[in-house]
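A short worksheet on the structure shown next.
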Amino acid sequence: MNAVSALLTPQTAATAAFVMVIGLTILGALIAVGARNIFHNVLGLCVSLFGVSGIFLFLNSPFVALMEILIYIGAICIAICFAIMLSEPMYLPPPPRNKVKVLGAAVGAGGIFAFLGLLLKKTQWIAAPERSTDYSVTTIGHYFLTNYALIFELVSLLLLVAMLGAIVTARGGRSKP
């Protein structure tokens, strides 16, 4: 009994769990990079991100770990799966591009880039005061709803644009070869 209890110390169990989480992360990354099927690549990405959330748990950051699972696995990977299922097969020839639309997109993107460049140049950046060390869920939620409300809304707008892009891409549906 003493030999078994000497082998199963909390430190040994924590080290074994950490090695398993690292192994899961690396295995998922290898599947994400090495698989020949794009759907298997996404599943490998999900496994790897699940391992990364385990690493955040070991770093004593349960909120970030849960957000990793909720946002990256629950939203991004599922959106990629939907995009794969709804997109045209890759063996079909792509439709010809409309040059007016390409030119309009380039002018619009250049205008936004110039505006943001001017905005960055004209802004007087002030150093942030000493940062808080309290990263509890209550504090992060308070910051999201007060100081960082604009950033929170911009992230939600980015996700909305990504979903609309997936819908527009898949709008044509699959055509029969």
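The values are calculated or read from the model by the stated rules, or taken from the named source; none is laboratory data. Given the structure is predicted, the values throughout are model-derived calculations rather than measurements. Neighbour counts are summed over all protein chains in view; Cβ atoms, including those assigned to glycine, are modelled from backbone coordinates with ideal geometry. For accessibility, only protein heavy atoms count, side chains too; no ligands or nucleic acids. Shrake-Rupley method; radii C 1.70, N 1.55, O 1.52, S 1.80 Å.
At what distance in nm do the modelled label points of Leu164 and Phe82 sit from each other, each positioned 7 Å from its Cα along Cα→Cβ?
Going by the 7 Å Cα→Cβ label model, 1.5 nm.
Kindly rank 14-26, 52-64 from highest to lowest mean number of other beta carbons found within 10 Å of each residue.
52-64, 14-26
Starting from the 7 Å offset along Cα-to-Cβ, what nm value, one decimal, do you get for the label separation of Phe152 and Ile140?
Between Phe152 and Ile140, the simple spin-label model gives 1.3 nm.
Using a simple spin-label model with points 7 Å from Cα along the Cα→Cβ vector, what separation in nm is obtained for Ala109 and Ser61?
Here the modelled spin labels are 3.1 nm apart.
Which of the trypsin sites (Lys or Arg not before Pro) found in segment 69-118 are in a DSSP loop and have at most 11 neighbouring Cβ atoms, other than their own, within 10 Å?
Arg97
Nearest 20 debye, what's the magnitude of the dipole of segment 38-144 about its Cα centre given +1 on Lys and Arg Cβ and -1 on Asp and Glu Cβ?
Charge dipole, segment 38-144, about its Cα centre: 600 debye, nearest 20.
Go through segment 93-108 residue by residue and turn each phi into a ³J(HN,Hα) via Karplus (6.51, -1.76, 1.60, θ = phi - 60°); whole Hz please, and just put x for glycine and proline.
x, x, x, x, 7, 7, 5, 5, 5, 5, 5, x, 5, 5, 5, x
Report the gain in length on full extension from Ile126 to Leu92: 0.36 nm times residue separation, minus Cα-Cα distance, nm rounded to one decimal.
Going from the current span to full extension adds 7.0 nm.
Using θ = phi - 60° and the Karplus curve 6.51 cos²θ - 1.76 cosθ + 1.60, what whole-Hz ³J(HN,Hα) does each residue of segment 30-41 get, with Gly and Pro shown as x?
Calculated HN-Hα couplings, in order: 5, 5, 4, 8, x, 5, 8, 9, 5, 5, 5, 4 Hz.
Find the percent of Cα-Cα distances in the chain that exceed 24 Å, and round it to a whole number.
In whole percent, the share of Cα-Cα pairs in the chain beyond 24 Å is 63.
Express the carbon and sulfur contribution to the solvent-accessible surface of the chain as a percent, rounded to the nearest whole number, probe 1.4 angstrom.
With neighbouring chains kept in place, the figure for the chain is 75 percent.
What ranking do 149-162, 108-121, 36-49 get when scored by the average of other Cβ atoms within 10 Å per residue, highest first?
Averaged packing, sorted descending, gives the order 36-49, 149-162, 108-121.
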